[in-house]
1. Could you pull out the pairs from 243/317; 244/325; 102/244; 79/195 whose alpha carbons sit more than 28 Å apart here?
2. Could you give the distance between the Cα centres of region 158-217 and region 281-354, to the whole Å?
3. Out of all Cα-Cα pairs in region 122-217, roughly what percent, to the nearest whole number, are more than 24 Å apart?
4. Run down the lysines and flag those whose C-alpha is under 19 Å from the C-alpha of residue 346, throwing out any fewer than 8 positions away in its chain.
5. Give me the dipole magnitude in Debye, nearest 20, for region 122-217 about the Cα centre, with unit charges on the beta carbon: positive for Lys and Arg, negative for Asp and Glu.
6. Within region 151-214, list the GluC sites (Glu not before Pro) lying in a DSSP loop whose Cβ has at most 16 other Cβ atoms in a 10 Å radius.
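A short reminder: the numbers here are calculations on the coordinates, not readings from a lab. Keep in mind that this is a model prediction, so the values were computed, not measured. With ideal geometry, Cβ positions are generated from the backbone for all residues, glycine too; neighbour counts draw on all protein chains shown.
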Amino acid sequence: MDASDVCVCPPVLIYSNSTYGRKATTASGMGNGVQEHQQALTQGEVLPSPPASQSEGYRQGLSVVNSLASGALAGAVAKTAVAPLDRTKIMFQVSSNRFSAKEAYKFIYRTYQTQGFFSLWRGNSATMVRVVPYAAIQFCAHEQYKGILGSYYGFQGKSLTPIPRLVAGSLAGMTASMITYPLDLVRARMAVTPKEMYGNISDVFVRIWREEGPKTLYRGFTPTILGVVPYAGLSFFTYETLKKLHAEKSGRTKPHTYERLAFGACAGLIAQSASYPLDVVRRRMQTAGVTGHSYSTILGTMHQIVTEEGLVRGLYKGLSMNWVKGPLAVGISFTTFDLTQILLRKLQRRGYFR
């Protein structure tokens with residue numbers, strides 16, 4: 001439409017460039033508006049984006065927020081559910097005592113009798129401080145990495161092939177671990193020490209910083225990253241693969257809740273079994289300052305554990321408990337994330353987030 005067309009039109013409302021979508025003028029002033037628009041383009045001025053672009057950017061931002069919120073809730077629910085088992089596993093990992101189901105039960109019962117029921121969740125506050133941002137970052141990063149890899153390999157809007165699927169999970173775990181690692185170390189310290197030793201989370205940070213040095217906050221970081229690569233990669237890979245196979249076989253794109261739990265349990269079982277020795281090494285190095293040991297390197301720690309306790313009884317100590325705790329935690333985590341995502345998207349479609 002040019003200026004000559006404007007002159008013969010009846011009076012209508014249009015929007016001025018300076019106040020997009022708000023300021024109205026009549027047809028008598030449209031000629032000046034067109035001239036201003038053309039002048040702005042000539043001068044290279046960046047004009048306001050159209051509403052469609054604004055909506056697309058808003059949807060992308062909201063998707064990230066949804067992933068962060070869903071991931072945070074998933075991590076909190078899953079870790080709280082298995083906290084007593086997790087604390088028991090850590091206690092055996094960092095000691096030379098032989099593990100068995102009977103000994104694990106004795107530890108739980110003795111802790112309950114001497115320290116009370118809620119002592120079984122000791123260190124869970126530190127776990128939440130770490131797990132909430134960790135899970136939020138990990139799930140959100142996984143969604144972003146899937147989109148990036150899907151776009152790069154031409155799978156946008158479709159399921160990734162196996163290798164990119166594995167890479168997306170590994171990168172998500174590495175990203176979350178690098179950001180939240182000191183909180184994981186603090187959680188381990190609180191889990192293996194009596195409550196009289198450290199008053200709260202900040203007390204752990206301050207005392208480690210003063211007594212052992214700031215580098216201690218990243219002790220055990222290397223085995224953590226080496227363990228996260230197979231753990232997170234296999235977790236997400238297995239869960240996504242099982243959902244894809246289920247959709248192909250059943251024709252249903254959305255599995256039932258119990259099916260999601262089963263897929264997550266399988267993912268946890270496979271991933272934790274593959275990365276468990278490095279988890280033991282990580283815990284030993286994290287708690288060396290309060291257990292009287294002097295673990296310094298990954299290979300040195302492995303050698304000392306195997307020499308003193310044996311290969312299976314040392315590096316795989318507590319694995320049988322992890323076969324209960326791990327699948328349960330991972331199943332709850334993936335299921336909570338998926339269901340929360342579905343709920344938030346429904347609320348978004350109904351106009352609750354605009």
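1. On the way: 243/317 31 Å; 244/325 25 Å; 102/244 39 Å; 79/195 20 Å.
Too far apart for the 28 Å limit: 243/317; 102/244.
2. Using only Cα atoms to place each centre, the spacing works out to 11 Å.
3. Working: 1774 of 4560 pairs.
Of all Cα-Cα distances in region 122-217, 39 percent exceed 24 Å.
4. Within reach: 254.
5. About 140 debye.
6. Working: sites: 196, 211, 212; in loops: 196, 212.
Counting only loop positions with at most 16 other Cβ atoms within 10 Å, the GluC sites (Glu not before Pro) in region 151-214 are 196, 212.
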